[in-house]
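Asker: Have a look at this one before I ask anything.
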Amino acid sequence: MAAEIIDGKAIAREIREGLKDRIRLLREQKGVTPCLAVVLVGDDPASKTYVRNKERACNEVGICSRVLRLPDSTSQHELMRLVKRLAYDPDVHGILVQLPLPAHLDKDPVLMVVPWQKDVDGLHVHNVGCLSTGRNGFVACTAKGVLRLIESTGRPIEGRRAVVVGRSNLVGKPTSLLLLNHNATVTVCHSKTADMPSITRQADILVCAVGKQGFIRGDMIKPGAVVIDVGTTRGADGKLHGDVDFASAAGVAGHITPVPGGVGPMTIAMLLENTVEAGEIYG
Ligand code: NAP
């Protein structure tokens, strides 16, 4: 039987609609319009597209969007000074530094000057610490979106075996922690994992965040599993491809996300949600 497609676009649209009401209430009751500042350094075409999409999504729901575009020649000191200025600006509720930064810049000290109350990307060590100790805090947007997609299937997480392929700070680690916090039994695979197919085949929930086109084939999936494909790779055909070989996987999985139209729209929706939350709590 063919897998049910998890429609990330439709789920994200519903979330954005709900946010519009929260933003209206916030404006009426507290006179606050949530504001997201995005810092973009350099000319990376993919980053420029991501930032444009975030700006458009903010405008669509009524979040004030400020995009600060800096030249490639920006120094570490200049970037830190700008982020500090945003940190103290009471009209800015969320700050996002678009990654990757140009090679001469070190992202870690920059991310540390974003106050954790404005860290809507969930990358500050305070928020990472909250996630790893099961406390409330901002959670990395892609991981949060992955969890919502799994929840949308109505399939249980508690007590199930979840396998996350990829252990990046941005996706793999926060996703595995979120699943653990929801009482799944979690295994994390990475480039040094031996005999990965024998592990992925045990997964009731399989999340793949590697960045290699068609890396997970149908024969690596447990029949009926929920499969969430985070990967996005631009193929030789110029199109975006996931980590999962959709054609073979869809015949085995119970639920599966497409690429594009799965995780991507949810990442942006979660960024908007975190920004609205920042406005509600700290605005
Ligand atoms: P990343 O930092 O490059 O991490 C990739 C992970 O994959 C690493 O942990 C790496 O293991 C692991 N890996 C590499 N080769 C492997 C192999 N042969 N077997 C098992 N694991 C392997 O990438 P990322 O930032 O997590 O992003 C992953 C993918 O998701 C990319 O395609 C990215 O574009 C996409 N992405 C999509 C969204 C979205 O909104 N749709 C958001 C973020 C990222 P090691 O740690 O051992 O090196």
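Asker: Open to solvent by less than 10 Å² (accessible area, probe 1.4 Å) and near the ligand (Cβ under 10 Å from one of its atoms) - does that describe any residue in region 184-194?
Answerer: Looking only at region 184-194, we keep the residues that are open to solvent by less than 10 Å² (accessible area, probe 1.4 Å), and these are 184, 189.
Next, only the ones that are near the ligand (Cβ under 10 Å from one of its atoms) stay: 189.
Among the residues of region 184-194, at least one is open to solvent by less than 10 Å² (accessible area, probe 1.4 Å) and near the ligand (Cβ under 10 Å from one of its atoms), which makes the answer yes.
Asker: Report, by residue number, each residue of region 240-252 that is in a loop (DSSP other than H, G, I, E, B) and either touching a Cys at 6+ places or on another chain (Cβ under 9 Å) or over 20 Å from Glu151 (Cα atoms) (or both). Step through it out loud before you land on a result.
Answerer: The initial filter retains those residues of region 240-252 that are in a loop (DSSP other than H, G, I, E, B), namely 242-243, 245, 250-252.
The answer is Gly242, Asp243, Asp245, Gly251.
Asker: Is it the case that region 274-281 has a residue that's of a type in the set (D, E, K, R), within 16 Å of the ligand (Cβ to nearest atom) and open to solvent by 50 Å² or more (accessible area, probe 1.4 Å)? If you could, list the steps in order and put the result at the bottom.
Answerer: Pass one, region 274-281, residues of a type in the set (D, E, K, R): 277, 280.
Subsequent filtering for residues that are within 16 Å of the ligand (Cβ to nearest atom) retains none.
No: zero hits.
Asker: So, in region 129-149, of the ones that are more than 15 Å from the ligand (Cβ to nearest atom) and in contact (Cβ under 8 Å) with a residue 24 or more places away in the chain, which residue ends up surrounded by the most Cβ atoms within 10 Å (Cβ to Cβ)? First the steps, then the outcome.
Answerer: Filtering region 129-149 for residues more than 15 Å from the ligand (Cβ to nearest atom) gives 129-138.
With the extra rule that they be in contact (Cβ under 8 Å) with a residue 24 or more places away in the chain, the set shrinks to 131-132, 134, 138.
Details: Leu131: 22, Ser132: 15, Gly134: 9, Phe138: 27.
So the residue we want is Phe138.
Residue-wise test of (1) under 19 Å from Lys118 (Cα atoms); (2) of a type outside the set (D, E, K, R); (3) touching a Lys or Arg at 6+ places or on another chain (Cβ under 6 Å).
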| site | (1), (2), (3) |
| --- | --- |
| Ala57 | yes, yes, no |
| Ile63 | yes, yes, no |
| Val67 | yes, yes, no |
| Ser75 | no, yes, no |
| Glu78 | no, no, no |
| Ala87 | yes, yes, no |
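Asker: In addition: Every residue in region 150-177 that is surrounded by fewer than 23 Cβ atoms within 10 Å (Cβ to Cβ), hydrophobic (A, V, I, L, M, F, W, C) and closer than 19 Å to Gly8 by Cα, please.
Answerer: Ile157
Asker: Could you list, in sequence order, the residues of region 195-239 that are closer than 19 Å to Val171 by Cα, assigned to a loop (DSSP other than H, G, I, E, B), more than 11 Å from the ligand (Cβ to nearest atom) and open to solvent by less than 10 Å² (accessible area, probe 1.4 Å)?
Answerer: Ala203
The values are calculated or read from the model by the stated rules, or taken from the named source; none is laboratory data. Remember, it's a predicted structure, so these values are computed and weren't measured experimentally. In this analysis, Cβ positions are derived from the backbone assuming ideal geometry, glycine residues included, and neighbour counts consider all displayed protein chains. Just so you know, the surface numbers come from the protein's heavy atoms only, side chains and all, with ligands and any DNA or RNA stripped out. Shrake-Rupley method; radii C 1.70, N 1.55, O 1.52, S 1.80 Å.
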